[in-house]
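What follows is calculated from the coordinates using simple rules that are stated; it is not laboratory data. No experiment lies behind these values; they were computed from the predicted model shown. We place every Cβ from the backbone using ideal geometry, glycine too, and count neighbours over all the protein chains shown.
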Amino acid sequence: MFRFAMAAVAALMIGPAVALAQDGPLHIEIDEGVIEPLPYAMPVFLDEGGAGKFASDIAGVVNADLEGTGLFRRIGDNAYIQKFSAFNTPVSYADWQAINAQALIVGGVSQQGGKVVVKFRLYDVYSGQELGAGQQLAASPESWRRLAHKVADVIYSRITGESGYFDSRVVFVSETGPKNARQKRLAVMDYDGANVNYLTDSSTIVLAPRFSPKGDRVLYTTFETGFPRIKVINVSNAAGQLLPDVPGTMAFSPRFSPDGNSIVYSLEQNGNTDLYKSSATGGSPVRLTNSPAIETAPSFSPDGSRIVFESDRSGGQQIYIMSASGGEPTRISFGDGRYGTPVWSPRGDLIAFTKQSGGRFFIGVMRTDGSEERLLTASYLDEGPTWAPNGRVIMFTREAPGAGGGAQLFSVDITGRNLRKVGNPGGASDPSWGPLRP
Amino acid sequence: MNFAMKAAIGLAVLGLAACNNPDKYGDGVVDPGGAYGSGAYGAGAGGVSQGNINDPNSPAYFNGRVGDMVHFLVDQSTLSGEAIQILSGQAQWLNSHPQYSAIIEGHADEQGTREYNLALGARRASAVQEYLISQGVSSARLRTVSYGKERPLATCAAESCFAQNRRAVTVISLGAGS
């Protein structure tokens, strides 16, 4: 039974769940009746010595992570028949089968030697056995949320067969003020919006940050000299360095290569924007495209061999793929409307993009040959997708219309299901999802 | 004498522009260095006094009477006939006031993705720059910058506002340029 449920969850995550209406591109129906989240039980984590509030706080974040995927549903405590008095109490599987729990998570928290320690076990209720071995994790008290995310990542991974994404961070642009006097700051947060830290002040415009593959650096565009320039900033101490510029030009849209050693970016000269590649500190720039059109928003393939980007060489924004060393690109987007901001999935199989059509914006995905286009969201202004480290969830910017309309971060899974606002970091745009943390 | 003629032409150009596009200047009150004269967030005229709008040698006159701004169609950087008339006035003013240099700011409406709009704004600024150069303004006195969709003038979610935001603004300051 549980094995079947596991397979079902994995299949549901992959299968197309978005039904596009046939009468036009502006309407998306998400068939929400199909997926039944997997019901699980998780009694309050046991206090195994000095746990204090960490027992309930950590359990709360584990539940928020799992239920936040839309793939899991926690059964409430008052339904539970068996009570656990100790971490190693034998499981009465019949008691959990009786309340239709498919998975059972038992956890305990303690504080030892200045560390918070979490241990947990995951049980397959219907087959009546433990799924994987029990695990114990420890961290300093201020990192308690990371402990919870790591527990949830293990559980998610064991049940879905996919790697998790909860213990990860997102760099974004924090926004305050009205639309015609917007103030922007670079910030990082946990994937769920917690622990916001600012990397810059609001004295100048900052745009479109990108995490390095290891999550230690961020590339972004800054107007601090009065003109768009590329800057790299160290996440741990906010020390930044402007990359060398070519006088009279604008440089923007920087992205790291998968090995973190080089970058690809847009350089504008005399009104024409092309793609260049250089070392991660801006040395030895090489021109990759040479056309009178706008070439921007590049993204490396996970193996570093190719670059997907947008160009309006056909007359409007469309998506192209070329070798990472340049050369003739191949157009992959052919639908109605404009296609921009392509981002290569970390799994390599899909390209996420922003589509504009009929005065609306959409976030979508397509295969790397342009086939199987699926639109996942639609609104007045959705843009700038970024991938979760496991390639199953996309975060993006949604901006509301009008003078008071602000930008917020949303996430959606690649079936178009589980659209939700990300945490509460205030006004926010241009997310870039970092790697799963070690 | 020569200068006065040019000033008169500049005024005539403004008159045309105002007639063709009554929305552009709102209620007709000019606010040099303020609502539209400043371009993006207080870039202004480099700390230069804006002066009196009735003084043809003042930045206020350039901004308000010659017209510091031209507009573009959706996703376009082509100069309209109206834009060329305004830019002719700008070129004449700049040619007769060599002590000023200019930064041309390109802007886009919010109906586009962020980085594309940055590139699009650069195209618009460059189109203005090229025209001014073609009218005899030294390229050394002109720089361009794009703000993409980061600095809208009008914030409603309708074409009437988008049209105001698709613009290039010539922001003058004292100095002979680089």
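Just a few scattered comments:
- Taking the range A:306-438 and dividing mean pair separation by its residue count, relative contact order in percent (alpha carbons under 8 Å, at least six apart): 15 percent
- Listed residue pairs exceeding 23 Å between alpha carbons, taken from A:Lys53/A:Lys119; A:Lys214/A:Lys421; A:Lys231/A:Lys355; A:Lys179/A:Lys214; A:Lys277/A:Lys355; A:Lys231/A:Lys421: A:Lys214/A:Lys421; A:Lys231/A:Lys355; A:Lys179/A:Lys214; A:Lys277/A:Lys355; A:Lys231/A:Lys421
- Short-range pairs are left out: with C-alpha atoms under 8 Å and at least six residues apart, the relative contact order of the range A:168-436 is 16 percent.
- Integer Hz, Karplus 6.51/-1.76/1.60 couplings in order for the range A:368-378, x for Gly and Pro: 6, 9, x, 7, 6, 4, 10, 8, 9, 9, 8
- Farthest positive-ward along chain A dipole, Cα basis, beta-carbon charges - from A:Ile105, A:Gly340, A:Ile351: A:Ile105
- Derived scalar couplings ³J(HN,Hα) [the range B:74-79; Karplus, 6.51 cos²θ - 1.76 cosθ + 1.60; whole Hz; x for Gly, Pro]: 4, 6, 10, 10, 6, 7
- Gain in span if fully extended, A:Tyr198 to A:Asn100, counting 0.36 nm per residue against the direct Cα distance: 30.8 nm
- Computed from Cα atoms alone, the Kirkwood hydrodynamic radius reported for the range A:293-438 is 15.4 Å.
- Values of log10 I(q)/I(0) for the range A:168-436 across q = 0.11, 0.13, 0.17 Å⁻¹ run -0.55, -0.80, -1.49, by the Debye formula with one identical scatterer at each alpha carbon and no solvent.
- Summarising the amide proton neighbourhood of A:Gly406: residues at separation of 5 or more, or on other chains, whose placed amide H is nearer than 5 Å comprise A:Ala400.
- Sites A:Asn290 and A:Glu130 - FRET efficiency at Förster radius 60 Å, r taken between beta-carbons, to 0.05: 0.50
- Relative pair counts by distance (%), Cα atoms of the range A:355-418, 5 Å bins: 4, 18, 26, 26, 15, 7, 3, 1
- Per the Debye calculation on the protein assembly as shown with a single equal scatterer at every Cα and no solvent contribution, log₁₀ I(q)/I(0) for q = 0.09, 0.12 Å⁻¹ amounts to -0.75, -1.16.
- For residues of A:261-272, the mean tally of beta carbons on other chains within 10 Å: 4
- Rg then Dmax, both in Å and based on the Cα atoms of the range B:122-178: 13.5, 40.
- Other-chain or far-sequence residues with amide H under 5 Å of A:Arg74's (modelled H): A:Tyr40
- D (Stokes-Einstein, µm²/s), Kirkwood Cα radius, the range A:232-375, 1.002 mPa s at 20 °C: 137 µm²/s
- 3J(HN,Hα) from dihedral phi, the range A:263-274, Karplus parametrisation 6.51/-1.76/1.60, rounded to Hz, x for glycine, proline: 9, 10, 7, 9, 10, 9, 9, 6, x, 9, 10, 10
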